[in-house]
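Structure record follows, encoded as structure tokens.
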Amino acid sequence: MKKNKYDLSKMIEALPPSGIREFFDLVLTMDDVVSLGVGEPDFPTPWHICESAIFSIEQGLTSYTSNKGMLDLRSKIAHKIQKKCGVAYDPEEEVLITVGVSEAMDVVLRAILNPGDRVAVIKPSYVSYSPCVIMAGGVPVEIECFPENGFKLDPSDLEKECKKGLKALLLNYPCNPTGVSYTEEELKTIAQIIKNYHLLTLSDEIYDSLTYDFEHTPLLSFPDMKELVIYLNGFSKGYAMTGWRIGYVAAPREITGLANKIHQYTMLCAPIMGQFAAVEALRNGESEVEVMKKEYKRRRNFLVSRLNEMGLKTFMPSGAFYTYSQISSTKLHAKVFAKDLLMKKRVAVVPGTAFSEKGDQYIRISYASSFENIKEALFRMEDFLKELK
Ligand SMILES: Cc1ncc(COP(=O)(O)O)c(C=O)c1O
């Protein structure tokens with residue numbers, strides 16, 4: 001490879017830029033854009049959650065916390081997991097508070113991987129997964145999911161890769177970008193493979209509270225999963241708290257111990273105001289989550305039906321707040337579709353290529369935007385499609 005001017009990291013230089021950021025840098029330079037692009041709730045954080053952080057500041061509680069995070073928060077998280085999954089974690093040693101699930105993912109991957117370890121990444125996936133594996137010295141093994149299978153992981157594809165040797169699996173459901181989730185029956189098969197091949201599994205369940213058609217089943221809730229499943233979750237999506245930057249890891253102490261070593265040297269701790277806010281979210285936030293979820297479901301039903309009417313084939317996502325819509329009828333590449341739609345009609349969506357090399361016939365549309373915005377964006381998209389004919 002050509003030597004760069006400062007002889008900087010070749011590994012980082014070789015990473016592709018995020019397909020989302022690239023696109024949204026352009027959106028930021030434009031007026032009058034209706035954005036169905038970003039994956040962040042349009043709701044403000046519920047006020048009592050904000051108030052608890054304000055109150056902590058008023059009391060002068062503006063310091064570092066323990067590296068692992070406030071014990072009160074870790075205990076509440078351990079209690080919530082015990083209730084949801086029937087698995088006990090020691091809040092002193094087995095729960096780590098991080099700067100969002102983003103940092104959780106990074107410190108865990110760095111804690112578990114040795115150079116060259118192979119990690120399965122289920123595609124299409126959240127943009128950070130493969131780059132995080134590479135930055136941790138691992139090798140992403142991308143397993144594609146196909147529309148014929150409803151964009152669900154085919155367990156036999158996972159098993160094939162296990163036979164070739166896999167250190168870990170990165171699983172996310174409900175999934176960003178497809179909105180796909182798995183039923184208890186489907187997860188049972190995946191859990192069995194995890195067990196058979198002793199596959200360390202990072203289960204990113206950040207959208208778990210946003211499942212619309214059936215109950216979310218945590219992977220941890222299957223027998224003997226505690227040893228193998230590294231549970232990642234956070235406050236960004238369900239509680240509309242993206243800017244507070246609070247996530248967490250629950251895992252066996254050997255893993256959280258090493259993850260915390262990285263966390264203490266690089267991050268020190270998650271922000272204390274966010275941690276106070278998270279405590280309040282766990283204490284009193286569930287009713288607001290339910291209200292937001294109801295509204296997301298209403299938007300999803302409307303959006304999916306209108307997209308299909310317009311000729312953009314869209315299956316019903318069972319969770320998160322995205323549709324993964326097929327644009328083959330337009331004969332445009334996803335990047336061209338997204339750019340033309342933005343330039344001509346001022347509507348922002350994300351090309352599927354941001355999430356998978358095979359995403360050139362798909363766009364991701366976020367319905368974490370008001371009903372009015374969604375309606376307006378759909379009118380403009382309809383015009384755009386008419387003009388293509
Ligand atoms: C699947 C998934 N995991 C993790 C994250 C990052 O979440 P956080 O805000 O907790 O860092 C996102 C954000 O979009 C996501 O979609």
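Things worth noting here:
- Residues of the stretch 82-139 classified as among the charged types (D, E, K, R), in a loop (DSSP other than H, G, I, E, B) and over 29 Å from ILE20 (Cα atoms), total: 4
- Within the stretch 355-387, considering residues that are assigned to a strand (DSSP E or B) and among the hydroxyl-bearing types (Ser, Thr, Tyr), the one farthest from SER125 (Cα to Cα): SER366
- In the stretch 160-183, the residues that are over 25 Å from TYR296 (Cα atoms) and either within 16 Å of the ligand (Cβ to nearest atom) or surrounded by 15 or more Cβ atoms within 10 Å (Cβ to Cβ) (or both): GLU161, CYS162, LEU166, LYS167, ALA168, LEU169, LEU170
- Test for THR45: is it in contact (Cβ under 8 Å) with a residue 12 or more places away in the chain, within 16 Å of the ligand (Cβ to nearest atom) and farther than 17 Å from LEU200 by Cα: yes
- Taken over the stretch 106-139, the criterion of being more than 27 Å from ASP360 (Cα to Cα) and either touching a Leu at 6+ places or on another chain (Cβ under 7 Å) or within 15 Å of the ligand (Cβ to nearest atom) (or both) is satisfied by ASP106, VAL107, VAL108, LEU109, ALA111, ILE112, ALA136, GLY137.
- Residue in the stretch 93-103 that is touching a strand residue (DSSP E or B) at 6+ places or on another chain (Cβ under 7 Å), at pLDDT 95 or above and surrounded by fewer than 17 Cβ atoms within 10 Å (Cβ to Cβ) present: no
- For the stretch 56-65, a residue qualifies if it is loosely packed, with under 14 Cβ neighbours inside 10 Å, in contact (Cβ under 8 Å) with a residue 60 or more places away in the chain and either out of contact with any Leu (no Cβ under 8 Å at 6 or more places or on another chain) or of a type in the set (A, V, I, L, M, F, W, C) (or both), and the qualifying residues are ILE57, THR62, SER63.
- Complete set of residues in the stretch 31-45 that are more than 13 Å from GLY274 (Cα to Cα) and surrounded by 12 or more Cβ atoms within 10 Å (Cβ to Cβ): VAL33, VAL34, SER35, LEU36, GLY37, VAL38, GLY39, GLU40, PRO41, ASP42, PHE43
- For the stretch 140-151, the set of residues classified as assigned to a loop (DSSP other than H, G, I, E, B) and either in contact with a strand residue (DSSP E or B) (Cβ under 9 Å, 6 or more places away or on another chain) or within 16 Å of the ligand (Cβ to nearest atom) (or both) consists of CYS145, PHE151, listed by residue number.
- Hey, TYR362 at pLDDT 95 or above, under 17 Å from VAL180 (Cα atoms) and of a type outside the set (A, V, I, L, M, F, W, C) or not: yes
- Residue satisfying all of: in the stretch 314-336; within 16 Å of the ligand (Cβ to nearest atom) and in a loop (DSSP other than H, G, I, E, B); surrounded by the fewest Cβ atoms within 10 Å (Cβ to Cβ) among these: SER318
- Looking across GLY311, GLY352, one residue alone is in the same structural domain as PRO16 (by TED's automatic domain parsing) and surrounded by fewer than 17 Cβ atoms within 10 Å (Cβ to Cβ). It is GLY311.
The values are calculated or read from the model by the stated rules, or taken from the named source; none is laboratory data. These figures come from a predicted structure and were not determined experimentally. So basically every Cβ, Gly included, is an ideal-geometry build from the backbone, and we count neighbours across all protein chains shown.
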